[in-house]
Amino acid sequence: MSLERPRLPHEIRHWFGDMECDYVYTLGIAGEKFYAGLKEGRIIGSKCPSCGAIWVPPSLYCPECFEETSEWVEVPDEGTVYTFTVAYVGPDGEPLEEPEVYALIVLDGANGGLLHKLGEVRPEEAYIGMRVKAVWAPEGERKGAITDIKYFRPVE
Amino acid sequence: MASVKRRVAVIGAGITLFRRRMRETGRELSFYAAKMALETAGITIRDVDAVVCGSAPDAFDGVHMKGEYLLDGMGGHNKPYVRVYVGGGTGVFTPIAAWWHVASGHFDIVLAIAEEKMSSCHPHPQKAFTTIFDPIYTRPLGPNLVWIFALEMQRYMSVHGVKKEQIALISVKNKRNALDHPCAQLPAKITVQDVLNSEVMVWPVQKLDISPPSDGAAAVVLAAEHVAKRLTDDPVWIEGVGWCLDSTYWTNRDLYYPKYVEYAARMAYKMAGIKNPPKEIDVAEPYDPFDYKEAHHAEGLMLARKGEYLKGIKDEDDIFARYGRDGDLPICPSGGLLGVGNPIAAAGLMKVCEIFWQLRGEAGKRQVKNDPRTGVAQAWGDLMQVGTVIVMRA
Amino acid sequence: MSVKIREYRGTPYSRKDLEEGRVPAFRDKPRARYAWACGPAMGRFLAELKEGRIIGRRCRRCGRVLVPPRMFCEWCFRPTDEWVYVRDTGTVLTFSASYLGPAAERLKEPIIIAVIQLDGASPGIGILHKLGEVKQEEVHVGMRVKAVWKPPEEREGAITDILYFKPIREGQGGGE
């Protein structure tokens, strides 16, 4: 090891990099039912054989009773706004040209809330308890994804 | 260990199939394993006071906050719930954490459950593994995970003069044992030559030296003594637990021997009152993600002297006579990670399930022949730095 | 209870099932970007590499010279005391030849890698790097090696400023 004292170099402060991965997520038993339903314009929930609760999105088991789901049931595409928010920034924090309204919607007869966008409504018009209905993507354009519902719109 | 308040027993175990890719989500796999563990313990989720989750890096499942994501499938809904994580050592650490939940006197019944869904990282979880390395100092060299094992294996072989032909026998043994495991992913009747002829991955590691990536889940139910005695005639007691970690600077220690595994084992043995491990332990499940690791870990567990696990073992007859199910000391009777598969955390817990079944005499075709009273399971991981050890008695 | 369980659950899918779209699945490619702080130890280490030098830190209590350097000794759990240059020559502690790239892709020519104890670092203190100008079958534990550096103008303050380590062959000195 050398003992001479060379000039001190500048410290390097940061190292730039990323963490990138490719994923393929299986939908699972309940997920396959749900997304296949969306493609057909139907919303599928799971019914607990023990407490009778209908969960949307569906689950293989009732999270409350931990009993395996025995029945998959269709629920109406209408429901009630449980809570909502108005987004002025996008996923990367970029300002949005038009604010977007997102709501937690409890579908009629179902437990649990579905997170989705509200449309055909101005932010100041949205309110908790508002009745809403799904607006579906045209049949040929549906992919079996949550975006097969374009948004929920207010109903009278 | 002077202040351990209560004895803790395992009273039920559950496991899913281990496969390379599964249809079920991680939550759904967890539900299967949890439900089986509860049913075999004769209880329902309402009897469970707390849940301990074990799962390896989030990057495998591809869901951040994986512990929270898995919660409802693990039966953790509205209960005291916590995820523990020590890399590959997680599977054995999960019941260790559940043990202290009960031993402390705080909870009577705790579900310990481990899950991994490595197939989400597609086409291969290797890419997720590369993010465990130091981003500045190691990742620029373009490492893959197998590098570190290959370096360790080479060092082990070189220090002790152990031959690859001997190490390959471990793979032969474990894959053959796995033929009797109903959940096994890669059970096979293979020979040493098959191992030596298999594709070279990272020399000296070849394809059949390695366990596969897998999807799967496993679970055990732990109960305090007074509850266990009410629920079952065959409790299996957790008599010793130990864990230890070294630093992540793995290039700064001699890789030929896992000292941290020895420290973990010493902690567990002391608690269980074990003074002569090879004489007092009847069945062992050391962690075997690679074949040489079984030797490495059996030595760390002091079941053999340093470098001597494979001493005098030349062929299949030798290894089965020494470590087969009817051998001197049965090692990895389950078939291990090499045969049953390696959904990381679930694989470690699979070993605890195996010791539970072995000590209860419920392992069926896998049952070891020496009427075992005491067993040890061990896992290992992070950047070759953690050992987790659990000692159980019938 | 293993002998009493009748059904072990789970539904296998094959790689083709997913890749050929026979079963529904959702694809995503999250990419998180980072600016990792180097801190004083790694920051100095990288800066020295740019100058063609390798630096470590010494702990006066245990006497170890740590490479790569850190500002604390994990054994003694106290601050390390001084910067110490080590040589760019050293000894192979263990080695391997990788036929797999970072994403588990097959490589035609293996990358040879080693843990190298640099001269001046304490026994057992190694660094991970590649070996070059050598065939896999020639490498052995205990082999003497020397760093091959990038030309100064191409160095950027990274571990890759050292291209690889090459064997010190007899008569070449290098350990001087």
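Go through B:MET153, B:MET201 for me and flag whichever is under 23 Å from B:TYR323 (Cβ atoms), within 11 Å of chain C (Cβ to nearest Cβ) and touching a strand residue (DSSP E or B) at 6+ places or on another chain (Cβ under 8 Å).
On the way: B:MET201 fails: under 23 Å from B:TYR323 (Cβ atoms).
The conditions single out B:MET153.
Checked against the criterion of being open to solvent by less than 50 Å² (accessible area, probe 1.4 Å), within 14 Å of chain B (Cβ to nearest Cβ), farther than 21 Å from B:THR44 by Cβ and modelled with pLDDT under 95, the candidates A:GLY90, A:GLY112 yield just one match: A:GLY112.
Condition check: open to solvent by less than 30 Å² (accessible area, probe 1.4 Å) and modelled with pLDDT of 95 or more. Does A:TYR61 satisfy that? Spelling it out, A:TYR61 is indeed open to solvent by less than 30 Å² (accessible area, probe 1.4 Å) and modelled with pLDDT of 95 or more. The set of residues from region B:340-364 being within 13 Å of chain C (Cβ to nearest Cβ), of a type in the set (D, E, K, R) and either part of a helix (DSSP H, G or I) or in contact with a Phe, Trp or Tyr (Cβ under 7 Å, 6 or more places away or on another chain) (or both) comprises B:GLU354, B:ARG360.
Within the span defined as region B:45-57, one or more residues are more than 9 Å from every other protein chain (Cβ to nearest Cβ), at pLDDT 95 or above and open to solvent by 20 Å² or more (accessible area, probe 1.4 Å). B:GLY105 - would you say it is more than 14 Å from chain A (Cβ to nearest Cβ), of a type in the set (Gly, Ala, Ser), in contact (Cβ under 8 Å) with a residue 40 or more places away in the chain and open to solvent by 10 Å² or more (accessible area, probe 1.4 Å)? Yes, satisfied. Among the residues making up region B:73-89, a single one is assigned to a loop (DSSP other than H, G, I, E, B), within 9 Å of another protein chain (Cβ to nearest Cβ) and open to solvent by less than 10 Å² (accessible area, probe 1.4 Å): B:GLY75. Among all positions in region B:25-32, there is no residue which is more than 13 Å from B:ALA223 (Cα to Cα), within 14 Å of chain A (Cβ to nearest Cβ), open to solvent by 10 Å² or more (accessible area, probe 1.4 Å) and in a strand (DSSP E or B). Residue pairs whose Cβ atoms lie under 8 Å apart, separated by 6 or more positions or on different chains, with the first residue in region C:122-136 and in contact (Cβ under 8 Å) with a residue 12 or more places away in the chain and the second among the polar types (S, T, N, Q) and open to solvent by 20 Å² or more (accessible area, probe 1.4 Å), are C:GLY124/C:GLN117; C:ILE125/C:GLN117; C:GLY126/C:GLN117. The lone criterion from (1) under 15 Å from B:VAL376 (Cα atoms); (2) touching a residue at least 24 places away in the same chain (Cβ under 8 Å) left unmet by B:THR248 is number (1). Criterion applied to B:TYR263, B:TYR249, B:TYR256 was being among the hydroxyl-bearing types (Ser, Thr, Tyr) and within 20 Å of the chain's Cα centre (by Cα), and the one residue passing it is B:TYR263. Of the strands (runs of 3 or more DSSP E) lying entirely inside region C:6-72, not one carries at least 3 residues that are open to solvent by less than 20 Å² (accessible area, probe 1.4 Å) and facing another protein chain (nearest Cβ under 7 Å). If you go through region B:35-74 and keep only what is in contact with a Leu (Cβ under 9 Å, 6 or more places away or on another chain) and without any contact (Cβ under 8 Å) to a residue 24 or more places away in the chain, you end up with just B:THR44. Looking only at residues of region C:102-132 that are within 7 Å of another protein chain (Cβ to nearest Cβ) and of a type in the set (Gly, Ala, Ser), we find that the one that is surrounded by the most Cβ atoms within 10 Å (Cβ to Cβ) is C:GLY126. List every residue pair whose Cβ atoms sit under 9 Å apart, with the two residues 6 or more apart in sequence or on different chains, where the first one lies in region B:5-23 and is more than 7 Å from chain C (Cβ to nearest Cβ) and the second, anywhere, is open to solvent by 50 Å² or more (accessible area, probe 1.4 Å) and part of a strand (DSSP E or B). That search, which allows pairs on different chains as well, returns B:ARG20/C:PRO12.
Yes/no per residue for (1) modelled with pLDDT of 95 or more; (2) open to solvent by less than 30 Å² (accessible area, probe 1.4 Å); (3) not in a helix (DSSP H, G or I):
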residue: B:VAL172; (1), (2), (3): yes, yes, no
residue: B:ALA178; (1), (2), (3): yes, yes, no
residue: B:CYS183; (1), (2), (3): yes, yes, yes
residue: B:LEU186; (1), (2), (3): yes, no, yes
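Looking at region B:350-364 only, could you name the residues that are aliphatic (A, V, I, L, M) and either open to solvent by less than 10 Å² (accessible area, probe 1.4 Å) or out of contact with any strand residue (DSSP E or B) (no Cβ under 6 Å at 6 or more places or on another chain) (or both)? Scanning region B:350-364 gives B:MET350, B:VAL352, B:ILE355, B:ALA363.
For B:LEU329, state whether it is part of a loop (DSSP other than H, G, I, E, B), open to solvent by 10 Å² or more (accessible area, probe 1.4 Å) and among the hydrophobic types (A, V, I, L, M, F, W, C). Break it down stepwise before answering.
Numbers: part of a loop (DSSP other than H, G, I, E, B): yes; open to solvent by 10 Å² or more (accessible area, probe 1.4 Å): yes; among the hydrophobic types (A, V, I, L, M, F, W, C): yes.
The answer is yes for B:LEU329.
Looking only at residues that are over 30 Å from B:THR251 (Cα atoms) and assigned to a strand (DSSP E or B) in region B:365-394, which one is most open to solvent (accessible area, probe 1.4 Å)? Here the answer is B:ARG393.
Residue-by-condition table, conditions (1) over 11 Å from A:LEU38 (Cβ atoms); (2) in contact with a Lys or Arg (Cβ under 7 Å, 6 or more places away or on another chain); (3) in a strand (DSSP E or B); (4) touching a residue at least 60 places away in the same chain (Cβ under 8 Å):
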residue	(1), (2), (3), (4)
A:LEU115	yes, no, yes, no
A:GLU120	yes, yes, no, no
A:GLY129	yes, no, no, no
A:LYS133	yes, yes, yes, no
A:THR147	no, no, no, no
A:PHE152	yes, yes, yes, yes
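Among the residues making up region C:143-169, those that are of a type outside the set (A, V, I, L, M), open to solvent by less than 40 Å² (accessible area, probe 1.4 Å) and more than 14 Å from chain A (Cβ to nearest Cβ) are C:LYS150, C:PHE165, C:PRO167.
What helices (runs of 4 or more DSSP H), lying completely within region B:204-285, carry at least 1 residues that are open to solvent by less than 10 Å² (accessible area, probe 1.4 Å)? If you could, list the steps in order and put the result at the bottom.
On the way: elements: B:225-231, B:259-272, B:277-280.
Of the helices (runs of 4 or more DSSP H) lying wholly inside region B:204-285, those with at least 1 residues that are open to solvent by less than 10 Å² (accessible area, probe 1.4 Å) span B:225-231, B:259-272.
Residue check: A:PHE34 meets all listed conditions (1) in a loop (DSSP other than H, G, I, E, B); (2) more than 7 Å from every other protein chain (Cβ to nearest Cβ) but one, namely (1).
Counting the residues of region B:33-44 that are facing another protein chain (nearest Cβ under 8 Å) and not aliphatic (A, V, I, L, M) gives 3.
Going through (1) of a type outside the set (Asp, Glu); (2) in contact with a Cys (Cβ under 9 Å, 6 or more places away or on another chain); (3) at the interface with another protein chain (Cβ under 9 Å from one of its Cβ atoms) one by one, B:PRO213 falls short only on (3).
The set of residues in region B:124-149 that are within 11 Å of B:PRO213 (Cβ to Cβ), more than 7 Å from chain C (Cβ to nearest Cβ) and open to solvent by 10 Å² or more (accessible area, probe 1.4 Å) comprises B:PHE129, B:LEU145.
The values are calculated or read from the model by the stated rules, or taken from the named source; none is laboratory data. Worth saying up front: this structure is predicted, and the values here are computed from it rather than measured. Here Cβ is always computed from backbone atoms with ideal geometry, including for glycine, and neighbour counts include all displayed protein chains. The area values use the complete protein model at the heavy-atom level, side chains included, leaving out ligands, DNA and RNA. Shrake-Rupley method; radii C 1.70, N 1.55, O 1.52, S 1.80 Å.
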